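Each remark here refers to the structure printed beneath this line.
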Amino acid sequence: MTSTEISPLVRDLQAALGADLVLYAPEDLLAYEYDASIEHAVPDAVVLPVNTEQVAVAVRIADHYGVPVVPRGSGTGFAGGALAVQGGVLVVLTGMNQIREIDADNRIAVVEPGLINLQLQEALVPYGLVYAPDPSSQRICTIGGNVGTNSGGPHTLAHGSTVNHILGMEIVLPGGRVIWLGGRQVDAPGVDLRGVFVGSEGTLGIVTAICVRLVRKNEAIRTMLAVFDTIDDASEAVSEVIRRRVVPMAMEMLDQETIQVVEPRVHAGYPLDAGAVLLIEVEGTVETVAHDAAVVVAACESQRAREVRIAEEESEREALWEGRKSAIGALGSTSPAIYLLDGVVPRTRLPQVLRQVLERSAAAGFRCANMFHAGDGNLHPTILFDPQEEGATERVLALGGEIMQLCVEAGGSITGEHGVGLEKRSYMSWIFSAADLEAMDRVRIAFDPAGLFNPCKILPTGHGCAQGHFEPLKQHLQTTGVYV
Amino acid sequence: MSNPTETSVEVSADIEGLRAALPPGTAVPVEPFDVDGARPALAARPNTPAEVATILRCSSERGIAVVPQGGRTALSLGRPLDRYELALDTTGLNSVIEYAPEDLTITVEAGLTLRSLQAALGESGQYLPVDPPPDDRVTVGGLLATARSGAWRGHLPAARDLVLGATVAMADGALTTSGGRVVKNVSGFDMHRLHTGALGALGVIVGASFKVAPQPASHRSMLLRCSSMAAAGALARALWNLNLAVRAITVLGPRVAEAIGLTAQPAVLVEFAGVEAATTSSAGRAAELARESGARAESSDDSLWTKLRSLGGESSDSVVTRAGVPTTSVAALVEQAESLGFAAWGHVAAGAVWMRSTDAGEPRITALRTSAEAVQGFLQIESAPRGLREQLDPFGETERELVRALKERFDATGTINPGRWMIGV
């Protein structure tokens, strides 16, 4: 493309931000066509701002031309939230990745949205502080992306999702006005727009600075591996721990299918012949941890745990977690393709729903691996399949829908931490009435009257948004690869 | 009145039309429902969410101003009402809809009091870990609409972080639900968070689901008397940094100490909670730290917390304000407030400073708000006589355009709590 072919949109963006912060050539845009979902879309332009003013200017220019604006971090989202499905300007925030401030005495930090979650954790180590949300993708996902999807992670069980840890945010609103929502303390006066914004998946504005709440590292921590012959026993053990009035920091389950894939590759220490393992972590004062760990061991043994192993060394603890956190990658390397789902059920329905998930998968002719946040009832069934096999893709999609239905029928939700994005917008009507969705739309319109911010996401309707998303999804699944 | 255009509309409010349209059996006497000395023309106590929705729809159609109320513990929070014709008493909505102890979740109606909720949970050794002022007369709807929290905040989550979903009756009569009953859920906007802290201005909460917690196996309190506010602040922060098994660390100014029956001296009040071994050990370590810093430690009971909590409640002759400031500024703000005649106390983990006075005027409150804002904090007037709430914005500086846009989308007719909420909508 020569300079004479540059569109007025790109020309204005270049004039405002400088040519090196604006991408528009087709070969440059391709890198931003995908996120970690199964869909893809090409934006008209990509901007790479390094400060709030540049974000605001880009938004104003997009507004002037009436084109969509889609924010993006590392692109690790599973639900297609970072895809520019109607084109427009993709605002990539990975260049805004500074830690502006760590106020250790007051346990807050102010960071930019492109900062990688793990980099914040590492920066906090010298202070003995922790940013609690720890999505499994924390090595690459950004804090801004975590805000967008209200990310969870293993430690959500005790600490809650991202929203509980965000005190305030600087936001560029649709139209380009810059405001702060919330502040540097909890419970700012009046309406909690901060709480609504977190998890809005880029539909209400672009976050350009984030004040996060930190917690002090506990003096004691104990990580345990409980080994079971069956998934049912492991599920019952999760409930038994809660019944004994202990809420651990994390309770993660890996089933046999996952163990047999992960262990040979990661050497985490999971017994290969186990039906399921639970990874349980308790934290607190020395006395609290001693008590809680004893309760966990007794609860697991009462539910026929074959063995409960306590990580004695930090290296052993890290290995146990490494197995959990690399499970998806390991599964991806063992199958031509995998399809990762995210659903939630009441914790007590876990045994029943897991049984149904495995039955339905087997009936459809697929292996299904499960590694998930058992304490929260947050399932991640992962279907292994070969897209080259005749009809496999259609059956995987149908199975995914069936599994989401099982979660809904059990009184659960269609997503616990990955978000709705593009992938699940048509499922929203399974759990919400037309009036419920219309109320959400009122919020969206209050923030974005022109409807230009991340169109076709979350809500099942929208101007010019195709109702069905299964066709591109199907096409994509039919090419060999890892789709998680 | 802050909005003359809206007040002129009420001339045509069709009171008799609404009286006839109220769902059968919901009309109740108006006498108990005065707000700021004004008595409504009508009062209704619906028994179902659908009746609430009907009442709201019929009211908005007739230009009637509706004021939802449950435990009636926070009616002087917010600006004075522009209009008040119908009292909507939510206490008829008082059922536990579903309690799943093993899932640590409960779904209840909004008029249920915290006392009833905690009693239901207590049977399974669980509780909703919140302690808003003034006491457990607060209803679930009031808890969320005011978003108030107490001494536990910062050590434990607030109501806004424990609510999993809510059902809300909107001004136009629609009944809408958000979230769900599971403990982790990111499906759609968290509308329950929008209504938390919105004082009903965007819709009336009729039910909510919560994540609950096991009650701690033991709890105990300790009072640490200090020589100065600065010493109390330093000791409180040092305690916080020890990461003990605590549920509250609160600095007390001399005036508030006196108000709860202690000698007028700066102090730190600590509550330990957890397994017995942990609270015993933590109390020992706290006492040791206190000794090293020259404070006198003595064990205490729950009554001090109860008294402190009630001081955060409203009364006809008092002003209560709440500031949010950095933890490192808590003791200084307590000291300043006390020097201005307030009884003041501060929860260090949340950076929340509460102040109560019977003779505080606009200049003193403004001075404290200025101090809070100087450290990037805020000050909210939690309750005050009507005149003061006309003089001073209870909420302080706020985002105006979004608030206005939301009110227009959710309650275009200005039916619910007109004038009371932020920016006078």
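The values are calculated or read from the model by the stated rules, or taken from the named source; none is laboratory data. Remember, it's a predicted structure, so these values are computed and weren't measured experimentally. Using ideal geometry, Cβ is built from the backbone for each residue, glycine included, and neighbour counts are taken over all protein chains shown.
Some values worked out for this structure:
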{"read-out": "Filter result (among the hydrophobic types (A, V, I, L, M, F, W, C) and touching a strand residue (DSSP E or B) at 6+ places or on another chain (Cβ under 8 Å)) within the range B:131-158", "value": "B:Val138, B:Val140, B:Leu144, B:Ala145, B:Ala151, B:Trp152, B:Leu156"}
{"read-out": "1 or more residues modelled with pLDDT of 95 or more and of a type in the set (Phe, Trp, Tyr): qualifying helices (runs of 4 or more DSSP H) within the range B:309-425", "value": "B:400-410"}
{"read-out": "Residue list for the range A:85-123, restricted to those being more than 29 Å from A:Leu9 (Cβ to Cβ), more than 14 Å from chain B (Cβ to nearest Cβ) and not in a strand (DSSP E or B)", "value": "A:Asn117, A:Leu118, A:Gln119, A:Leu120, A:Gln121, A:Glu122, A:Ala123"}
{"read-out": "Positions within the range A:131-149 being within 12 Å of another protein chain (Cβ to nearest Cβ) and either farther than 23 Å from A:Glu252 by Cβ or acidic (Asp, Glu) (or both), in sequence order", "value": "A:Val147, A:Gly148"}
{"read-out": "Checklist (1) under 21 Å from A:Trp321 (Cβ atoms); (2) assigned to a strand (DSSP E or B) applied to A:Phe78, failing item", "value": "(2)"}
{"read-out": "A:Asp63 free of Cβ contacts under 8 Å to residues at least 12 places away in the same chain and touching a Pro at 6+ places or on another chain (Cβ under 9 Å)", "value": "no"}
{"read-out": "Scope the range B:316-340; condition more than 14 Å from chain A (Cβ to nearest Cβ), touching a residue at least 60 places away in the same chain (Cβ under 8 Å) and of a type in the set (Gly, Ala, Ser); matching residues", "value": "B:Ser316, B:Ser318, B:Ala337"}
{"read-out": "Restricting the range B:233-258 to residues that are in contact with a Phe, Trp or Tyr (Cβ under 9 Å, 6 or more places away or on another chain) and without any contact (Cβ under 8 Å) to a residue 40 or more places away in the chain, the residue that is surrounded by the fewest Cβ atoms within 10 Å (Cβ to Cβ)", "value": "B:Ala257"}
{"read-out": "All positions within the range A:420-445 that are part of a helix (DSSP H, G or I) and among the small types (Gly, Ala, Ser)", "value": "A:Ser426, A:Ser429, A:Ala434, A:Ala435, A:Ala439"}
{"read-out": "Single unsatisfied condition, A:Ile206 versus (1) in contact with a strand residue (DSSP E or B) (Cβ under 7 Å, 6 or more places away or on another chain); (2) modelled with pLDDT under 95", "value": "(2)"}
{"read-out": "Qualifying residue in the range A:199-213 (condition: in contact (Cβ under 8 Å) with a residue 12 or more places away in the chain, among the basic types (Lys, Arg) and touching a Gly at 6+ places or on another chain (Cβ under 6 Å))", "value": "no"}
{"read-out": "Qualifying residue in the range B:259-269 (condition: crowded, with 24+ Cβ neighbours inside 10 Å, more than 24 Å from B:Thr113 (Cα to Cα), under 24 Å from the mean Cα position of the chain (by Cα) and within 11 Å of another protein chain (Cβ to nearest Cβ))", "value": "no"}
{"read-out": "Answer residue from the range A:415-458, given it is at the interface with another protein chain (Cβ under 7 Å from one of its Cβ atoms) and touching a Phe, Trp or Tyr at 6+ places or on another chain (Cβ under 7 Å) and is surrounded by the most Cβ atoms within 10 Å (Cβ to Cβ) among those", "value": "A:Val443"}
{"read-out": "Qualifying position, being under 30 Å from A:Val215 (Cβ atoms), of a type in the set (D, E, K, R) and facing chain A (nearest Cβ under 10 Å), among B:Glu397, B:Glu401", "value": "B:Glu397"}
{"read-out": "Residues satisfying the stated conditions in the range B:270-313, i.e. surrounded by fewer than 18 Cβ atoms within 10 Å (Cβ to Cβ), among the polar types (S, T, N, Q) and under 15 Å from B:Ser221 (Cβ atoms)", "value": "B:Thr280, B:Ser299, B:Ser303, B:Thr306"}
{"read-out": "Filter result for A:Phe372 (surrounded by 17 or more Cβ atoms within 10 Å (Cβ to Cβ), of a type in the set (Phe, Trp, Tyr) and in contact with an Asp or Glu (Cβ under 9 Å, 6 or more places away or on another chain))", "value": "yes"}
{"read-out": "Qualifying residue in the range B:213-223 (condition: more than 9 Å from every other protein chain (Cβ to nearest Cβ), in contact (Cβ under 8 Å) with a residue 12 or more places away in the chain, buried (at least 24 other Cβ atoms within 10 Å of the Cβ) and not polar (S, T, N, Q))", "value": "no"}
{"read-out": "Qualifying positions in the range A:222-239 - within 12 Å of chain B (Cβ to nearest Cβ) and touching an Asp or Glu at 6+ places or on another chain (Cβ under 9 Å)", "value": "A:Ser239"}
{"read-out": "Which numbered condition A:Gly152 fails, given (1) within 16 Å of the chain's Cα centre (by Cα); (2) away from every other protein chain (no Cβ under 14 Å); (3) surrounded by 24 or more Cβ atoms within 10 Å (Cβ to Cβ); (4) among the small types (Gly, Ala, Ser)", "value": "(2)"}
{"read-out": "Among the candidates A:Ala82, A:Ala16, A:Ala58, A:Ala45, residue that is of a type outside the set (S, T, N, Q), touching a residue at least 40 places away in the same chain (Cβ under 8 Å) and either within 25 Å of A:Arg139 (Cβ to Cβ) or in contact with a Cys (Cβ under 9 Å, 6 or more places away or on another chain) (or both)", "value": "A:Ala82"}
{"read-out": "Qualifying positions in the range A:191-218 - touching a Ser or Thr at 6+ places or on another chain (Cβ under 6 Å) and facing chain B (nearest Cβ under 7 Å)", "value": "A:Asp192"}
{"read-out": "Unmet requirement for A:Leu379, which otherwise passes all of (1) in contact (Cβ under 8 Å) with a residue 40 or more places away in the chain; (2) crowded, with 23+ Cβ neighbours inside 10 Å; (3) not aromatic (Phe, Trp, Tyr)", "value": "(1)"}
{"read-out": "The range A:14-29: number of residues that are surrounded by 12 or more Cβ atoms within 10 Å (Cβ to Cβ) and not in a loop (DSSP other than H, G, I, E, B)", "value": "10"}
{"read-out": "Count of residues meeting criterion [more than 27 Å from B:Glu51 (Cα to Cα) and within 7 Å of chain A (Cβ to nearest Cβ)] in the range B:155-181", "value": "3"}
{"read-out": "Filter result for the condition that a residue is among the charged types (D, E, K, R) and buried (at least 23 other Cβ atoms within 10 Å of the Cβ), over A:Glu53, A:Glu33, A:Glu39, A:Glu112", "value": "A:Glu112"}
{"read-out": "Residue under evaluation A:Ala220, criteria (1) within 25 Å of the chain's Cα centre (by Cα); (2) surrounded by fewer than 22 Cβ atoms within 10 Å (Cβ to Cβ), criterion not met", "value": "(1)"}
{"read-out": "Subset tally (residues that are under 24 Å from A:His64 (Cβ atoms) and among the aromatic types (Phe, Trp, Tyr)) for the range A:1-41", "value": "2"}
